[in-house]
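Just so you know, all these numbers are worked out from the coordinates, no wet-lab data involved. Small disclaimer: the values here were computed from a predicted structure and weren't measured. Glycine also receives a Cβ, built like all others from the backbone with ideal geometry; neighbour counts cover every protein chain displayed.
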Amino acid sequence: MLDHLSFESPKPKLISGAKHDWELVIGMEVHAQVASKAKLFSGASTQFGAEPNSNVAFVDSAMPGMLPVINEYCIEQAVRTGLGLKAEINLKSAFDRKNYFYPDLPQGYQISQLYHPLVGEGEVIVDMEPGVARLVRIERIHVEQDAGKSVHDMDPNMSFVDLNRTGVALMEIVSRPDIRGPEEAAAYLAKLRQILRYLGTCDGNMQNGNMRADVNVSVCRPGQYEKYQETQDFSHLGTRCEIKNMNSMRFIQMAIDYEAKRQIAILEAGGKIDQETRLYDADKNETRSMRSKEEAHDYRYFPDPDLLPLEIEQAWVDDIAASLPELPDEKKARFVKDFGLSEYDADVLTAEVVNASYFEEVAGAAGDGKLAANWVINELFGRLKKEDHSIEESPVSPTQLAGIIKLIKSDAISGKIAKDLFEIVYTEGGDPEVIVEERGMKQVTDTGAIEAAVDEIIAANPAQVEKAKQNPKLAGWFVGQVMKATGGKANPKAVNELVSKKLADLG
Amino acid sequence: MTDLTSMKIAEARDALRKGNVTSAELTEACLTAIEGAGALNAFVHNTPEIAREQAAAADARIKAGDAPAMCGIPLGIKDLFCTKGVPSQAASNILGGFKPEYESTVTTQLFDAGAVMLGKLNMDEFAMGSSNETSCYGNAVNPWRRGNDDAALTPGGSSGGSASAVSADLCLAATGTDTGGSIRQPAAFTGITGIKPTYGRCSRWGIVAFASSLDQAGPMTKDVRDAAIMLEAMCGHDPKDSTSADLAVPNFEAMLTGDIKGKTIGIPKEYHMDGMPEEIEALWAEGRKMLQDAGANIVDISLPHTKYALPAYYVIAPAEASSNLARYDGVRYGHRATLSAGDGITEMYEKTRAEGFGHEVQRRVMVGTYVLSAGFYDAYYNRARKVRTLIKKDFEDVFAAGVDAILTPATPSAAFGLGEMEDADPVKMYLNDVFTVTVNLAGLPGIAIPAGVDKQGLPLGLQLIGRPWEEGDLLNTAYALEQAAGFVAKPGKWW
């Protein structure tokens, strides 16, 4: 099976400092909210935007004596995610408590997986341009509960707490430091989001915070990264800073750019980078220190005694693996191979699984992948974008679009008429074939009728005929006149041939 | 009326079914006894309205002929159990005013079986203590006294209120919980029976957590038969507690034949402690002989890692407690300190927890925080976990070698005087748990039964430790020992 298209690695982004060139090394921890109706350890709803503190079970608010019970569906989703990232699934994993005090953390600890994560090593192919992609290794994925929300701006003296999000299941997807530039970082997050959406394990809504990233950034001199790769020894790399809680691809790139420049300036001035956690301020486009390594919390992780180690069976994992949908890399490779699409077109069509499915339906019904790709990408997407519609809202069904394409293929209509027809179907609906018939849009391929029209034009324009005798290029003028006379319905190829023949006969 | 309150569960059950007594009568007798026993400070919150309502319902059920064994039996409930709409404070100021909106699984099962709740029972704060002196309500008092000395004695802890109430016939039985000996030590100090079942037998849902991997609920009763009856009603699989075992609950009472012929009883040599009172040694030897006379084979065994159990326990239990008690932060329920102008969230936490937690709880939270902290985790917590595994293996080895149950003293002494340990090193207090913590660390069932009295007339208990999930067999061995010991002494009423 063709898993993915072959690719080359991109060059790492080179940043020129005042004294030297530098390279970036980036690793990311992505928190993806598990698509699940209920929370990780309670039956409370995960619905976004509910009244504050309405989706809260006793265990979520850490009432005395309440106990967590693992929501099996969340585990299934995390396993599915692991399989989608071609990762090892650990049949035995365990939950640990990460202890710290915060008002929106009712238990005083977050249940997470430090020592034995559910998912081990995997990989993501991050496409940068056709034929160029970065392979980013995944170190682990662990399952953990989200915290609630503290609200500090509703009262001058008080803070409020909303526990609706408390206990919602998250997957923390931890990458190796394989990302080598701001664009790659954004592309990595986009690719993860795409895969998770294909899998249906995270809706990827970044505005709602359903996907957030902590970005670890360090800089090194060219050549150092290769030494790290050979030895896996981090001492070849620079000291990293972690930029917390980013939920915009654009800001991630800006924050990395800023952070790289900040670190380079310090290093070139003979300074040293302090390992610390930083926050990005989008208004000022800068990162600021949140806490240093010394101030870092001591989370006192230890195995959660309320939960037995999580043991899952290989057969269950196999069942999930068997139910996995085709993923973006495979789909793209198949589109290129089976439909003869360019990698670029295949990329566009596979960005969202709904688009890909739409395209495949059209291609299948029309019997022409390339034509289908052109029409979906250029006409349909263009038209939908104009009205800010998603493909689910498209007034043109795949069958209708395939109908238009079939009419083109059978020479029943010309490409130009097809665009008019598309507009009619888009705005008024209806069966393309019936519309063409009823409105007389059919292309004239009857040579008799075309010949009559050509003869008529030639007879009516003797002066032009004389000129054309001198200059055969003027034949085009006659073709245009014939097309006009036939309302664009004449088959252009037939008109061309007849005009050339008649003019030649006259000459 | 006192006759009614001194009834055992089995007697009351039979009398209720025969119509010789009503639950309402039993309940009124208990309520009256409780009212007259303020000096014992066993009950910290009385629930007479609930009791009368439940008793009436139980009587109707009994009349209808649809009555489980616990139907109509008046009980005291340890304050560690969350009881719906009734103060449930774990004897801590930090839970001041807390009334849960839910009922613990264990009490739900008891009430579903028709049991009657008389009120909530005193205990050590968050079940941390061996003398009941860490309670925010002040200590409960042991109904027993040393001869003619009217010095107040501890009922033990942490289930001291339960022990005192059952021993003084304020109720027919009580619930207890046991993390390191909190059922068995107070039972031994007050001449009653208490069983801690196998970890996972009783649901922990709705019981305020102390150390989650060690906590178990169990009954505290007047004899072994009652323990069997009440345990059956308390235990069973609960999907709301992931550590609860999905195992069928046998009819424990039916297993009480008293026949232990051919059973092998192990006597662990490591439980001979330096400085243990001679009377305890003598009682243990007597117990050995009684079981032998009943037809059991007695074998000397070794549980080599016993001496590491107490230190391991006092690492693991505080570690879990430090995390379990983090939720008491003043944000959502219970006590919140009055803040000064300019105080922020850190001050709220600090003041609330400083005011709300007593000294022993604070000590354990600090110990637990320390042993889990970076740099010390491996030296303390991880090492303690390894010790725990070894202790468990000690037991597995002797059980594999054919031992059915293990006989040990329940406590290293009889009940001591209240206030006696006040200035002592806390470790001295922790030594009370020396014979009991191994059982919690290994997750095994253990039962304490009264087997004699010391020179001053105070009850002394023996402990039997059983194989995991074989509470029925353990109860039967205890039943045989109980028959042989013939302990019938009762404290003289002085309160």
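A few remarks follow.
- With Cα atoms defining each centre, the range A:446-486 and the range B:21-52 are spaced 115 Å apart in the structure.
- Among A:G369, A:S390, A:S342 - extreme Cα towards positive end, dipole of the range A:326-438, charges at beta-carbon: A:S342
- Evaluated over the range A:210-324, the Cα radius of gyration and Dmax, each in Å: 19.4, 58
- Inter-probe distance in nm under a simple model that places probes 7 Å from Cα toward Cβ, at A:L135 and B:D274: 6.4
- Semi-axes of the equivalent ellipsoid for chain A, Cα gyration tensor, largest first, Å: 59, 29, 21
- For A:E276, residues with placed amide H under 5 Å, excluding near neighbours: A:E242
- C-alpha center-to-center spacing [the range B:201-249, the range A:321-349] in angstrom: 56
- Helical segments meeting 24 Å axial Cα length and Kyte-Doolittle 1.6 threshold in chain B (DSSP H): none
- Checking the cross-link pairs A:K191/A:K409; A:K284/B:K351; A:K39/A:K98; A:K332/A:K416 against a 27 Å limit on the alpha carbon distance flags A:K191/A:K409; A:K284/B:K351; A:K332/A:K416 as lying beyond it.
- Cα shape, the range B:205-258, gyration tensor, a/c 1.5 rule: oblate
- Highest average packing first - A:468-478, B:458-468, A:247-257, A:56-66, Cβ atoms within 10 Å: B:458-468, A:56-66, A:247-257, A:468-478
- Structure-based [θ]222 nm, chain A - -39500 (n - 2.57) summed over DSSP H runs of at least 4, per residue, nearest 500: -12000 deg cm²/dmol
- J(HN,Hα) series, the range B:250-262, from Karplus relation 6.51 cos²θ - 1.76 cosθ + 1.60, nearest Hz, glycine and proline x: x, 7, 5, 4, 5, 8, 7, 9, x, 8, 10, 4, x
- Averaged over B:371-378, number of beta-carbon atoms from partner chains that fall within 10 Å: 3
- A convex hull fitted to the Cα coordinates of the range A:177-219 yields 77 cubic angstrom per residue.
- Test item: B:238-244 mean partner chain Cβ contacts at 10 Å: 4
- Remark: the Cα gyration tensor places the range B:366-414 in the oblate category, a/c being 1.5 or greater and a/b not exceeding b/c.
- Cα-based equivalent ellipsoid of the range A:447-506: semi-axis lengths in Å, sorted from largest, via gyration tensor: 17, 11, 10
- Rounded to the nearest 0.05, the FRET efficiency derived from the C-beta distance between A:L474 and A:S357 at R0 = 60 Å is 0.75.
- Excluding exposed DSSP-loop GluC sites (Glu not before Pro) (at most 10 other C-beta within 10 Å), longest clean stretch of chain A: A:1-293
- Based on the Stokes-Einstein relation at 37 °C and a viscosity of 0.692 mPa s, and on the Kirkwood radius from alpha carbon pairs, chain B is assigned a translational diffusion coefficient of 147 µm²/s.
- Gain in span if fully extended, B:D149 to B:A39, counting 0.36 nm per residue against the direct Cα distance: 38.0 nm
- Cut-off 11 Å between beta-carbons: net charge of the residues surrounding B:E360, Lys and Arg +1, Asp and Glu -1: -1
- Between A:A322 and A:Y344, the modelled labels are 4.3 nm apart [label points 7 Å from Cα along Cα→Cβ].
- Principal axis box of the range A:326-438, alpha-carbon based, largest edge first, Å: 44, 31, 19
- Scattering from the protein assembly as shown was approximated by placing one identical point on each alpha carbon and applying the Debye formula without solvent; log10 I(q)/I(0) at 0.05, 0.06, 0.10 1/Å stands at -0.46, -0.60, -1.14.
- The modelled label-to-label distance between A:S235 and A:K272, using points 7 Å beyond Cα along the C-beta direction, is 1.5 nm.
- Protection proxy ranking of B:427-437, B:485-495, B:390-400, by the mean of other Cβ atoms within 10 Å over each peptide's residues and highest first, is B:427-437, B:390-400, B:485-495.
- Spatially, the range A:269-315 and the range B:465-495 are offset by 54 Å when compared through their Cα centroids.
- For the peptide A:66-74, the mean number of other protein chain Cβ atoms found within 10 angstrom of a residue's Cβ is 4.
- Within the range B:442-466: backbone nitrogen closer than 15 Å to the B:E286 label point (7 Å, Cα to C-beta): B:449-463
- At R0 = 56 Å, FRET efficiency that the Cβ-Cβ distance of A:R439 and B:F376 yields, to 0.05: 0.10
- Pairs over the 25 Å Cα-Cα cut-off, from the set B:K240/B:K386; B:K78/B:K269; A:K370/A:K419; A:K473/A:K501; B:K120/B:K490: B:K240/B:K386; B:K78/B:K269.
- Low-density loop cleavage sites - trypsin sites (Lys or Arg not before Pro) in the range B:238-341, where at most 12 other Cβ are within 10 Å (DSSP): B:K261
- Charge dipole (Cα centre; +1 on Lys/Arg Cβ, -1 on Asp/Glu Cβ; no other charges) of the protein assembly as shown amounts to roughly 960 debye.
- Here the range A:13-294 is treated as a Stokes sphere of Kirkwood radius computed over C-alpha pairs; at 4 °C and 1.567 mPa s its diffusion coefficient rounds to 65 µm²/s.
- Over all Cα atoms in the range B:38-149, the spread is summed up by Rg and Dmax: 15.6, 50 Å.
- Dipole of the range B:207-309, positive end: most advanced residue of B:T306, B:A248, B:P219 [Cβ charges, Cα centre]: B:A248
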